[in-house]
């Protein structure tokens, strides 16, 4: 089991005996939370609220942070590594993942092709990606190999 900590961008591991191994802090580029980020977030919340029948016009207020966390998602790779998707500026479509080993140290950085999203893992470094088709009429699964 692993836990990723945004406070210092570290990954901790729990070994089979139940003892936690603290991973080292990893550096990252801080990304400010902008007014457009806040507006986009509140628009999504309002849309979700309307879908469940909440009345329109409810005032929403959130205690937004000054900076985004170092990562926005995390998954376990086929080899047991941790893949952490870097946070990105609003409008940045480049998906970058930091791959972290069981010692908490970074193994590699993987930048996905534009227009794709991580879907899963296979044997021998295979990564499956989803690519949205032109006009948002569907998606296809693509198979890639990631070098060690």
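The values are calculated or read from the model by the stated rules, or taken from the named source; none is laboratory data. Note that the structure is predicted; figures quoted are calculated from it, not measured. Please note: Cβ atoms are built from the backbone with ideal geometry, for glycine as well, and neighbour counts cover all protein chains shown.
A compact table of results
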| quantity | calculated |
| --- | --- |
| Selected residue (only one of 119, 73, 54 is touching a strand residue (DSSP E or B) at 6+ places or on another chain (Cβ under 9 Å) and either at pLDDT below 90 or within 18 Å of residue 12 (Cα to Cα) (or both)) | 73 |
| Conditions (1) farther than 30 Å from residue 139 by Cα; (2) under 14 Å from the mean Cα position of the chain (by Cα); (3) in contact (Cβ under 8 Å) with a residue 24 or more places away in the chain: number failed by residue 5 | (3) |
| Whichever residue in the range 8-20 is outside any loop (DSSP other than H, G, I, E, B) and free of Cβ contacts under 8 Å to residues at least 24 places away in the same chain and, among such residues, is farthest from residue 102 (Cα to Cα) | 20 |
| Condition broken by residue 94, with the remaining ones in (1) surrounded by 11 or more Cβ atoms within 10 Å (Cβ to Cβ); (2) touching a residue at least 24 places away in the same chain (Cβ under 8 Å) satisfied | (2) |
| Entirely in the range 52-148, the strands (runs of 3 or more DSSP E) that have 2 or more residues that are more than 15 Å from the chain's Cα centre (by Cα) and under 25 Å from residue 6 (Cα atoms) | 106-111 |
| Which listed residue is under 17 Å from residue 101 (Cα atoms), touching a strand residue (DSSP E or B) at 6+ places or on another chain (Cβ under 9 Å) and at pLDDT 95 or above, from 25, 32 | 25 |
